[in-house]
1. Quick one: compute the contact order of region 3-134, relative version, from alpha carbon pairs under 8 angstrom and 6+ residues apart, as a percent.
2. Tell me, in nm to one decimal, what length is gained between D136 and A103 on full extension, where the rule is 0.36 nm per residue of separation less the Cα-Cα distance?
3. Quote the FRET efficiency, to the nearest 0.05, computed for E121 versus A4 with a Förster distance R0 of 30 Å and r equal to the Cβ-Cβ distance.
4. Arranged by the count of other C-beta atoms within 10 angstrom, fewest first, what order do R6, R94, R119 take?
5. Rounded to the nearest 20 debye, what is the charge dipole size of the chain about its Cα centre when +1 sits on each Lys and Arg Cβ and -1 on each Asp and Glu Cβ?
6. What FRET efficiency do you get for T12 and R36 if R0 is 30 Å and r is their Cβ-Cβ distance, rounded to the nearest 0.05?
7. Quickly estimate the mean residue ellipticity at 222 nm for the chain, helices only: each DSSP H run with n ≥ 4 gives -39500 (n - 2.57), and the total goes over all residues, rounded to 500.
8. From the list [x] 93; [y] 111; [z] 103, can you say which value of volume of the Cα convex hull per residue in Å³ was derived from the structure given?
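Readers should treat all values here as calculations from the given coordinates under stated rules, not as data from a laboratory. Because the structure is a prediction, the values reported are computed rather than measured. Heads up, the Cβs are rebuilt from the backbone with ideal geometry, glycines too, and the neighbour counts pull from every protein chain shown.
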Amino acid sequence: MDEAVRRALAITPASPARDRTIDITTTGAKTGKARRIEIWFYRADGKIYLSGLPSRPSWYANILANPRLTFHLKHGIRADLPATAVPITDDSERRRIFTQFVADLNQPHNPGRIAQPTRVEDWMAGSRLAEIVFDD
């Protein structure tokens, strides 16, 4: 992975919403067709994750059926990164990761422009979570 891509993935709590916004292309669970959506990525413990506010997103159903995806960087640098999504289902691991997300989102500058405070319990109750593992 080149240095510019590494820098784009190295978001911090100071990173604005624009730097966190990407597209992903998954394979439709029912249709088998390519599906591209805009989504945020998150960083916790040096790893990259996909998640969102509590919902039942189609991207998650798609990665359960076919974990291969393309992670499209589009702000500051353009890159199409092949990857595999690994669903995180263990409650203690999910809580640890969501705690970091919530701390990031509840900052005074509110990078997510979401209603504050957002709560770990809300994320635990209805958010899907997947780690992104990039191809070498």
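1. Values: 228 pairs, mean separation 38.3, N = 132.
Relative contact order, region 3-134: 29 percent.
2. Values: separation 33, 0.36 × 33 = 11.88 nm, distance 3.04 nm.
So the extension gain works out to 8.8 nm.
3. Numbers: r = 38 Å, r/R0 = 1.26.
It comes to 0.20.
4. Details: R6 9, R94 18, R119 12.
Listing R6, R94, R119 from fewest to most nearby Cβ atoms yields R6, R119, R94.
5. Values: 20 positive and 16 negative charges, 94 e Å.
In debye, rounded to 20, the chain gives about 460.
6. Values: r = 27 Å, r/R0 = 0.89.
E between T12 and R36, to the nearest 0.05, is 0.65.
7. Values: 5 runs with 41 residues, N = 136.
Calculated at 222 nm, the ellipticity per residue is -8000 deg cm²/dmol.
8. Matching the structure shown: [z].
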